[in-house]
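First the structure, in the form of structure tokens, and then the observations on it.
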Amino acid sequence: MGIQAEEHGIRPWWESAVIYQIYPRSFQDSDGDGIGDLDGIRCRLDYVQKLGVDAIWLSPIFPSPMADFGYDVSDYCGIEPMFGDLASFDALLADIHARGLKLLLDFVPNHSSTLHPWFVESRSSRDNPKRDWYIWRDPAPGDGPPNNWTSDMGGAAWEFDALTGQYYLHTFLKEQADLNWRNPDVRAAMLDVLRFWFGRGIDGFRIDVLWHCIKAQGLPDNPPNPDYRPGMGEKFLVLQTNSADQPEIHDIAHAFRQIADQYGERLLVGEIVLPLPKLMTYYGTPDRPGVQLPFNFLLLDAPWNAHSLARIIADYEAALPHGGWPNWVLGSHDAPRIAGKLGEAQARVAAMLLLTLRGTPTLYQGDELGIGRVTIPPGRERDPQDLRQPGLGLGRDGGRTPMPWDDSAHAGFSATEPWLPLNDDWLVRNVAVQTQDARSMLSLYRALLALRREYRALSVGDIRVLSSDTDVLVYERGHESERILVALNLCEQPRSFALPEDFAGAHRLLSTLDSPSLPGTLAPNEGVILRLENM
């Protein structure tokens, strides 16, 4: 498989960039309440800059009752007081830009908090001017919900409101009412939100659950899911045929893009969890572009073997529309830690994979330390998804625990008990310890990110998969005169691979191990990056 990097003049900044997701509650607490905040992030910017990333994405920082930890917004143009205020935001943004970094905010357009003034008005009476800003319906015959749609948090997607005798739609928690994107006033108000933050100087948005934002006309029932099995979670009882991914969503994505383009080189990253052919439609078309980066989550649940990974890379690259730029993700605030799934040895290999594939990678805070599974004691669970459907393993708390900075009290994250427990091994797995260890996971990430900056082949070059046999994935990256080979051993036994003849005697740029193997061989759990010498 050979994929050519598209050349179209000067590349936008995000094509060669690496995005670093910060979960603000868990990065750094500056005021001693056990919860991270904007001033805490600001005081840790030297760490982010030294890591070698290019942009920061902040999970929601807007005012919120925190029913879903910020994804229930009560004011789209303000700052949640536990995080700071607009002055502290402006100071953070200025410091980010002073370091040559970019900032993305998390935009939540599908739903607002039920405490948002818009919903308070909408709920007040059936004839309120904002009634149609949300999705209200009469009960079905027999006084049940209007249709069979299920909430992603479990249970029905409808909540009955006794005051007005109707149900309102909530794709997530009942505290998160879905906005009616078929109402032009809603569209206008939300586009003004984008203008507000772009005008303040931010560099882009990650758009939450973009594919959910508009529903089928008439709100017909969703078809039953023929593959549903007990234990999957109630949201999988039906297929989201009519409650998500409607054709009109592309008009909304294009409207977002039009606003972004008015402010120069601004980036839109769309959260879309759909099969590959549907995911690709969110790039839009040349005359009606959508988001520049529809998030690619294929690696999150990928079978961890060379053949499967090679097939994922090939299928994804082949599906990209002309001019569409790839992106890759291995972790997020919604996913289990990669080191918890694969173990630390293969998490090192996964880091090399993520940072050497063609496209824009997104890193999640703490993965660069190799944080694995974290024990959340009974009574300390905070994730509403877990609390509403206990015992199904849906909890996301383990991926949201505070950053461990050192071995002082509370790992240097806070002066008091953090809102979630620290990783179990925080005394030895923290930034201070790993900074002093040239063999640590943090040192590996820094080395990989430095190589991406040094070699254009690793950031914007072509990709060609050479082999995916016997547990080893081998691919080549190339840009102009640069040629670089990546070989990854995805198992716990030594393996050999066919080293291309012209790479004989190639220079080893990096190994995931401190005692690298001979050319054409890989130790257990080893990944290597080789550079062709005659460049």
- Restricting to segment 250-287, what's the tally of residues that are outside any helix (DSSP H, G or I) and either over 21 Å from E15 (Cβ atoms) or within 18 Å of the chain's Cα centre (by Cα) (or both)? 11
- Within segment 188-235, considering residues that are in a loop (DSSP other than H, G, I, E, B), out of contact with any Leu (no Cβ under 6 Å at 6 or more places or on another chain) and of a type in the set (D, E), the one surrounded by the most Cβ atoms within 10 Å (Cβ to Cβ): D208
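Please state which one of W304, W328 is within 21 Å of the chain's Cα centre (by Cα), in the same structural domain as Q346 (by TED's automatic domain parsing), in a strand (DSSP E or B) and in contact (Cβ under 8 Å) with a residue 24 or more places away in the chain. Let's see the steps before the verdict.
Values: W304 fails: in a strand (DSSP E or B).
That would be W328, the only listed residue that is within 21 Å of the chain's Cα centre (by Cα), in the same structural domain as Q346 (by TED's automatic domain parsing), in a strand (DSSP E or B) and in contact (Cβ under 8 Å) with a residue 24 or more places away in the chain.
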- Message: Of everything in segment 73-95, what is out of contact with any Phe, Trp or Tyr (no Cβ under 8 Å at 6 or more places or on another chain) and charged (D, E, K, R)? Give them in sequence order.
- Response: D85, D90, D95
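Using the structure shown, decide if R429 is more than 22 Å from Y364 (Cβ to Cβ), more than 22 Å from the chain's Cα centre (by Cα) and in contact (Cβ under 8 Å) with a residue 40 or more places away in the chain. Don't jump to the end; show me each part of the working.
Numbers: more than 22 Å from Y364 (Cβ to Cβ): no; more than 22 Å from the chain's Cα centre (by Cα): yes; in contact (Cβ under 8 Å) with a residue 40 or more places away in the chain: yes.
It is false that R429 is more than 22 Å from Y364 (Cβ to Cβ), more than 22 Å from the chain's Cα centre (by Cα) and in contact (Cβ under 8 Å) with a residue 40 or more places away in the chain.
The rows are residues; the columns are (1) under 18 Å from L353 (Cβ atoms); (2) free of Cβ contacts under 8 Å to residues at least 24 places away in the same chain; (3) not in a strand (DSSP E or B).
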site: A487; (1), (2), (3): yes, no, no
site: D502; (1), (2), (3): no, no, yes
site: L510; (1), (2), (3): yes, no, no
site: P524; (1), (2), (3): yes, no, yes
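Between A306, A302, A335, A339, which is touching a Ser or Thr at 6+ places or on another chain (Cβ under 8 Å) and within 26 Å of N423 (Cβ to Cβ)?
None of the others qualify; the one that does is A302.
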- Task: State whether one or more residues within segment 468-481 are surrounded by fewer than 16 Cβ atoms within 10 Å (Cβ to Cβ) and free of Cβ contacts under 8 Å to residues at least 12 places away in the same chain.
- Result: no
- Message: Between R396, R358, which is within 18 Å of the chain's Cα centre (by Cα) and within 30 Å of I463 (Cα to Cα)?
- Response: R358
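The rows are residues; the columns are (1) of a type outside the set (A, V, I, L, M, F, W, C); (2) touching a strand residue (DSSP E or B) at 6+ places or on another chain (Cβ under 8 Å).
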{"residue": "E234", "(1), (2)": "yes, yes"}
{"residue": "L268", "(1), (2)": "no, yes"}
{"residue": "P275", "(1), (2)": "yes, no"}
{"residue": "T281", "(1), (2)": "yes, no"}
{"residue": "T285", "(1), (2)": "yes, no"}
{"residue": "F297", "(1), (2)": "no, yes"}
{"residue": "I312", "(1), (2)": "no, no"}
- Item | Within segment 479-521, tally of residues that are in contact with a Phe, Trp or Tyr (Cβ under 9 Å, 6 or more places away or on another chain) and farther than 19 Å from M441 by Cα | 8
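The values are calculated or read from the model by the stated rules, or taken from the named source; none is laboratory data. Remember, it's a predicted structure, so these values are computed and weren't measured experimentally. With ideal geometry, Cβ positions are generated from the backbone for all residues, glycine too; neighbour counts draw on all protein chains shown.
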